[in-house]
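The values are calculated or read from the model by the stated rules, or taken from the named source; none is laboratory data. On a predicted model such as this, the values are computed, not experimentally measured, just so you know. Note that we place each Cβ from the backbone using ideal geometry, even for glycine, and neighbour counts take in every protein chain shown. Side chains included, ligands, DNA and RNA excluded: accessible areas come from the protein's heavy atoms. Shrake-Rupley method; radii C 1.70, N 1.55, O 1.52, S 1.80 Å.
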Amino acid sequence: MEPTFYGGIEAGGTKFVCAVGTAPDAIEAKTVIPTTSPDETLAKVVEFFQSGPAIQAMGIASFGPLDLNRQSPTYGHIAKTPKLAWVNTDLAGIIGSKLGVPVAIDTDVNGAALGELTYGAGKGLHTIAYMTVGTGIGVGCIIDGRIMRGIANSEIGHMLIPRQPGDDFRDGCPYHRDCLEGFASGTALRKRWDNPEQMSSAALALEAYYLGCGITNIITFLSPQRIIIGGGVMHQAGLLERVRHEVAGLLNGYVETPADKDFITQPALGGESGIYGALLLASASGPDAPGS
Ligand code: ZN
């Protein structure tokens with residue numbers, strides 16, 4: 001029998017990672033295309049997939065916000081994004097029509113959550129949260145093996161958080177004065193500190209407090225079996241340990257969490273969680289698909 005190939009795209013604000021394979025851990029070809037204008041970027045993406053083996057379906061894990069309402073006429077479009085050239089781009093539609101394949105699309109963090117659930121730090125579990133702390137803060141949740149869905153993609157990064165007394169910083173989020181992304185994203189850190197790459201102990205403590213608040217809130221409403229936390233900001237030495245400590249303090253024994261320190265852990269797939277998720281979206285794009 002001929003092998004079945006799937007396409008995966010991890011669409012980000014700076015680059016599009018494209019891969020073809022029979023499974024996420026059996027990638028045959030991969031390329032990275034810089035994110036410029038929609039026309040230029042998508043033409044190169046299409047060219048890459050046309051040059052390889054014929055794919056049966058495509059999965060896209062994309063930056064957003066996205067319209068994920070299947071009843072909407074703009075399903076699969078990129079919605080209001082700060083990347084203005086991409087506003088209203090019919091990402092799923094363009095890729096699907098140019099390549100003549102069905103397309104499953106979801107947010108980058110939901111894709112990464114699915115990748116980690118199936119092949120990474122969430123393997124063997126059914127309910128997890130995946131958080132990335134980078135330019136922004138995104139969270140993808142899997143409940144009972146399925147990506148959490150509502151009227152749109154969830155915006156857990158914008159949950160409101162109690163401000164640390166004495167913290168006067170207000171420029172992190174244009175929409176909310178006191179939200180997690182506004183306090184603790186990489187963008188906020190660059191505005192807060194002169195040297196965000198080498199945070200002082202006080203800066204790390206403040207960051208851990210805000211991330212700890214966010215994760216505590218996620219634990220209280222989702223009751224996840226594991227929380228996977230990645231993104232560039234988490235490369236700061238000692239931050240993950242501080243976050244674990246904050247969460248334990250904030251929960252104050254009220255919620256029983258696994259004693260295992262890996263209850264709050266790093267992604268096992270490193271930077272590959274998103275492309276794994278994209279390929280999973282493609283291969284599972286039937287009626288029982290995790291993302292459907
Ligand atoms: Zn916000």
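Observations, loosely collected:
- Residue that is nearest to ILE275 (Cα to Cα), among those in region 1-58 that are among the acidic types (Asp, Glu) and in contact with a helix residue (DSSP H, G or I) (Cβ under 7 Å, 6 or more places away or on another chain): GLU10
- Residue in region 243-263 that is open to solvent by 60 Å² or more (accessible area, probe 1.4 Å) and touching a Leu at 6+ places or on another chain (Cβ under 8 Å) present: no
- Residue, most open to solvent (accessible area, probe 1.4 Å), within region 157-166, restricted to residues that are part of a loop (DSSP other than H, G, I, E, B) and within 12 Å of the ligand (Cβ to nearest atom): MET159
- Within the span defined as region 137-153, one or more residues are within 11 Å of the ligand (Cβ to nearest atom) and not in a loop (DSSP other than H, G, I, E, B).
- Picking from residues in region 118-137 that are among the small types (Gly, Ala, Ser) and modelled with pLDDT of 95 or more, the one that is surrounded by the fewest Cβ atoms within 10 Å (Cβ to Cβ) is GLY124.
- Any hit, region 205-213, residues being touching a Gly at 6+ places or on another chain (Cβ under 8 Å) and assigned to a helix (DSSP H, G or I): yes
- Conditions (1) part of a loop (DSSP other than H, G, I, E, B); (2) more than 14 Å from the ligand (Cβ to nearest atom); number of the one not met by GLY96: (1)
- Residues located in region 267-279, provided they are at pLDDT 95 or above and surrounded by fewer than 16 Cβ atoms within 10 Å (Cβ to Cβ): none
- Some residue of region 69-84 being outside any loop (DSSP other than H, G, I, E, B), without any contact (Cβ under 8 Å) to a residue 12 or more places away in the chain and over 28 Å from GLY157 (Cβ atoms): no
- Of all residues in region 167-211, those satisfying the criterion of being within 10 Å of the ligand (Cβ to nearest atom) and open to solvent by 60 Å² or more (accessible area, probe 1.4 Å) are PRO174, TYR175, HIS176, ARG177.
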